[in-house]
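A short worksheet on the structure shown next.
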Amino acid sequence: MDDLTSRILKLTASRMGDRVIVGIAGVPGAGKSTLAERLTAVLSQRLGAGEVAHVPMDGFHLADVTLDRLGLRQRKGAPETFDALGYAALLHRLRESGDLVYAPGFDRTLEQPLAGSIAVSPGAKVVVTEGNYLLLGAEWDRAKEQLDEVWYCRAPEELRQERLLARHVQFGKTPEFARAWIDQIDQPNAQLIEATANRADLIVDLD
């Protein structure tokens, strides 16, 4: 963690006061959110309250009503079930704006995005964002262009699968349904995401 926070602080120093935005990519259950939250906490201790914000990509999940209309409800979590260009637009605003910015979050109990639930103060020096598809290319490159660095987060496969199953069950799926969802939805997405790891600026191996 010391090495990772030092890397971000060096980026901050090199930007001469401009905001630094670091992205963390990785497959479902790899530990992206946990890493982002820990980085945010440690950097906040170093830089001060309000100087660091955590803005997940999950706030750009399409709502279930939209997924139903598009016939994508059973693919929730796949690239096409996110508003990639909306996410890129938010990152651009965070990059260029000196104003208070409200970003959407995601409620895992409701399994729905929540508009305006994350406040990024005008003085925030660092924004940590995380999501599965930051390195995917195509329309996702619009988001990547706004990032100073993108790190790829990995975890041991057995641990990742256990964590993913526990998360699905915690938020309402039966173990049987959760295992089927992992096999049919999460694993194909994971293979797609893993193939993008070579585009990362840094690989972070978690245990």
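Extension gain for residue 108-residue 74 works out to 10.6 nm (0.36 nm per residue, less the C-alpha to C-alpha distance).
Given springs between every Cα pair under 10 Å in a Gaussian network model of the chain, which of 190, 138, 36 has the largest fluctuation? Comparing 190, 138, 36 in a Gaussian network model of the chain, the most mobile one is 138. Cα-based radius of gyration for segment 77-126, normalised by 2.2 N^0.38 Å, reads 1.26.
If the chain linking residue 141 and residue 45 were pulled fully straight, counting 0.36 nm for each residue of separation and taking away their Cα-Cα distance, it would gain 31.4 nm.
In plain terms, the residue of 133, 152 with the fewest other Cβ atoms within 10 Å comes first and the most crowded comes last, giving 133, 152.
Once you've got the GNM for the chain with C-alpha springs shorter than 10 Å, pick whichever of 188, 56, 79 has the biggest mean-square fluctuation. Per the Cα network of the chain with a 10 Å cutoff, 188 tops the list.
Which of these, 192, 110, 90, has the largest mean-square fluctuation under a Gaussian network model of the chain (Cα springs below 10 Å)? Answer for the Gaussian network model of the chain: 110.
Panel order for 181, 140, 151, by other beta carbons found within 10 Å of each beta carbon, from fewest to most: 181, 140, 151.
Stokes-Einstein, applied to the Kirkwood radius of segment 2-205 over Cα pairs at a viscosity of 0.890 mPa s and 25 °C, places its translational diffusion at 141 µm² s⁻¹.
Normalised by 2.2 N^0.38 Å, where N counts its residues, the alpha-carbon radius of gyration of segment 35-154 equals 1.07. Counting beta carbons within 10 Å around each of 19, 108 and listing the fewest first gives the order 108, 19. Do you know the Lys pair count in the chain for C-alpha distances under 20 Å, with sequence separation 8 or more or different chains? Summing the qualifying lysine pairs gives 6. Ellipsoid semi-axes for segment 37-104, based on the Cα gyration tensor and the rule √(5λ), read 30, 14, 8 Å when sorted largest first. Once both labels are positioned 7 Å from their Cα atoms along Cα-to-Cβ, the gap between residue 205 and residue 167 label points is 2.2 nm.
Bear in mind that the values in this text are calculations on the coordinates, not laboratory data. Just so we're clear, the structure is a prediction, and the values are computed from it rather than from any experiment. Backbone-built Cβ (ideal geometry, glycine too); neighbour counts: all protein chains shown.
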